[in-house]
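Please treat every number below as a calculation from the coordinates, not as lab data. Predicted, not measured: the structure shown is a model, and the values here were computed from it. For neighbour counting, all protein chains shown are included, and Cβ atoms are generated from backbone atoms with ideal geometry for every residue, glycine included.
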Amino acid sequence: MAKPKYDLIMLKLGGEALAGPEGTGISAPRAFDIAKRVKEIREMDVQVGIVIGAGNLWRGKEGLEMGMDQATADYMGMLGTVMNALALMDALEKAGVETRVQSAIEMRAVAEPYIRRRAIRHLEKGRVVIFGGGTGNPYFSTDTAAALRATEIGADILIKATKVDGVYDSDPNANHGAKKYDRLTYLDVLQQRLAVMDSTAVSLCMENKLPILVLNLWDEQALTKAIMGEEVGTLVSN
Ligand code: UDP
């Protein structure tokens, strides 16, 4: 049987992946769909770390618009990621995938604290590790958390699974002639301000030579094809 191209991946999901049709809250069927996809990758014997955002629940900038302090609003966002992490853990465990949640913000009753070597040990034992609480610092994003944790655990690639099948030169929903890129360099993304991830996250990946693959989470095969080394989505590298 063909061998997967990657031994260890970091999967970045936006909080909206978990949302119901209105784009907010947590939907059990959605959580189960995601769990199904993750299970498929685990069955290929690939180690999986996951970072999930909180856009379905709260983003720091919503608080800022209400006049809150950014740091406070950002901490609320980080707490939201822990809720999403727990929802995803529940779905994964129900699908038969052993999972641990580690949080960058200590809350021992609900999640393990983030301890790098312990996370690596879980991954080696075949457990999926969900990294909650973002980086633990305000003024950052969960994309940056994914880039950071991916680097720390030595992931081969950071897969950003979204609702579009790659990176385009303009919004493909608004512009039918939008062109999809198959490959980009980190500098292309930074200089053209392409909507891949924020510049802090992209810079971190660039400095650590961590490739980023943007693909569609809801395409039944994209993730498994990517892991087998087929060309899908948009690859960002040097
Ligand atoms: N956040 C933060 N530090 C981090 C990660 C996240 O302050 O290291 C906050 C920030 O307010 C952000 C919110 O958590 O808006 C939710 O994360 P994000 O917007 O990245 O979620 P996504 O868009 O991926 O759903």
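Given Lys94/Lys125; Lys36/Lys225; Lys3/Lys36; Lys94/Lys160, which pairs have Cα atoms separated by over 22 Å? The pairs that break the limit, which is 22 Å between Cα atoms, are Lys94/Lys160. Listing Val46, Val236, Val110 from fewest to most neighbouring C-beta atoms within 10 Å gives Val110, Val46, Val236. Which of these, Lys160, Lys36, Lys12, has the largest mean-square fluctuation under a Gaussian network model of the chain (Cα springs below 10 Å)? Comparing Lys160, Lys36, Lys12 in a Gaussian network model of the chain, the most mobile one is Lys36. Using DSSP, restrict attention to beta bridges with both residues in region 105-238 and report what percent are antiparallel, rounded to the nearest 5. DSSP beta bridges in region 105-238 are roughly 40 percent antiparallel.
Hydrophobic long helices, here whole DSSP H runs in the chain with Kyte-Doolittle means of at least -0.5 and Cα atoms spread over 27 Å or more along the helix axis, are found at 70-94. Projecting the Cα atoms of Leu148, Leu18, Leu217 onto the charge dipole of the chain (Cβ charges, centred on the Cα centre) puts Leu148 farthest toward the positive pole.
Within the same chain, lysines fewer than 8 places from Lys61 are excluded, and of the rest, those with a Cα less than 21 Å from its Cα are Lys12. When both bridge partners sit in the chain, DSSP labels roughly 15% of those beta bridges antiparallel. Within the listed set Arg127, Arg117, Arg42, the residue fluctuating most in the Gaussian network model of the chain (springs between alpha-carbon atoms under 10 angstrom) is Arg117. Ordered by the count of other Cβ atoms within 10 Å of each Cβ, fewest first, Thr234, Thr151 give Thr151, Thr234.
Think of region 8-237 as having a plus end and a minus end, set by charges on the Cβ of Lys, Arg, Asp and Glu; of Asn84, Ala73, Trp58, Asn84 sits farthest toward the positive end of this dipole. Charging the Cβ of each Asp and Glu at -1 and of each Lys and Arg at +1, and nothing else, the dipole of region 8-237 about its Cα centre rounds to 560 debye. Report note on the peptides 96-109, 49-62, 69-82: ranked by the mean count of other C-beta atoms within 10 Å, highest first, their order is 49-62, 69-82, 96-109.
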